[in-house]
Amino acid sequence: MAEKGRAMKAVPKKYILTLLLVILLGILYYQSNWLARIMYPIKYREAIEANAAKYGVDPLLVAAIIRVESNYKPELISIKGAVGLMQIMPDTAKWILEMEGFSKLSMDSLYEPKSNIMMGTKYINLLNKQFNSNMAEVLAAYNAGPGNVSKWRESNIWDGKLESIDQIRFWETRKYVDRVVYYYKKYQKIYM
């Protein structure tokens, strides 16, 4: 009987210690960026920051796009044929490769993280110019193409605001914009 009483008392101690550990980890997570940086790392940071500075793009937005597009897997090829970290479509890559400053790169460069980041960041720069740096429109265009976004805006299908992404015609694009914004805000909280 006495042993049974001791065993019953030991169980609550385990629960209390577990609860305290969870609370401690929660406090560390919310009060310290080191744990958050482990959970939400930014790989290829030098290349991201260098190209973001070169093309006038927020580096944390580039990192968020990479996180959603490929989760930092440079070898990734989508079902639709998008390639590399930033999941650049071959036609978009060919168009970018014709621009000044990209003559040393080739289609094979899409598989190289630094080159893929350079092309993807340039593309974001071009979309920023086309859509007046409206993040919601830029992200929707990155995913669904600038032609679709322009069409949605011209026909009043979507007002181009982040708050109304539920108006976007493609479910995949709505989800994409929402996820990139989520990671962008997460990265801002952690890395700023």
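Modelled label positions at Gln167 and Ser150, each set 7 Å beyond Cα in the direction of Cβ, lie 1.9 nm from each other. For the range 122-150 versus the range 39-94, the inter-centroid distance based on Cα atoms is 15 Å.
Take the Cα of Lys189, step 7 Å toward its Cβ, do the same at Leu25, and the gap between the two points is 1.8 nm. Scanning the chain for long hydrophobic helices, with DSSP H runs required to stretch 18 angstrom or more by C-alpha along their axis and to average at least -1.0 on the Kyte-Doolittle scale, returns 2-31, 113-130.
Report summary: the helix-based calculation at 222 nm, which adds -39500 (n - 2.57) for every DSSP H run with n ≥ 4 and divides by the residues of the chain, gives -21000 deg cm²/dmol. Ordering Leu35, Met119, Ala50 by the projection of their Cα atoms onto the charge dipole of the chain, which places +1 on the Cβ of Lys and Arg and -1 on the Cβ of Asp and Glu, puts Leu35 at the extreme positive end. Label point of Asp159 set 7 angstrom out along Cα-Cβ; within the range 124-147, amide nitrogens under 20 Å from it belong to 131-141.
For the chain, the relative contact order is 19 percent, taking Cα pairs closer than 8 Å that sit 6 or more residues apart in sequence and dividing their mean separation by the residue count.
Throughout, read-outs are computed from the coordinates displayed, never taken from laboratory work. Because the structure is predicted, anything quoted here is derived from the model rather than measured. Every residue, glycine among them, receives a Cβ derived from its backbone with ideal geometry; neighbour counts consider all protein chains shown.
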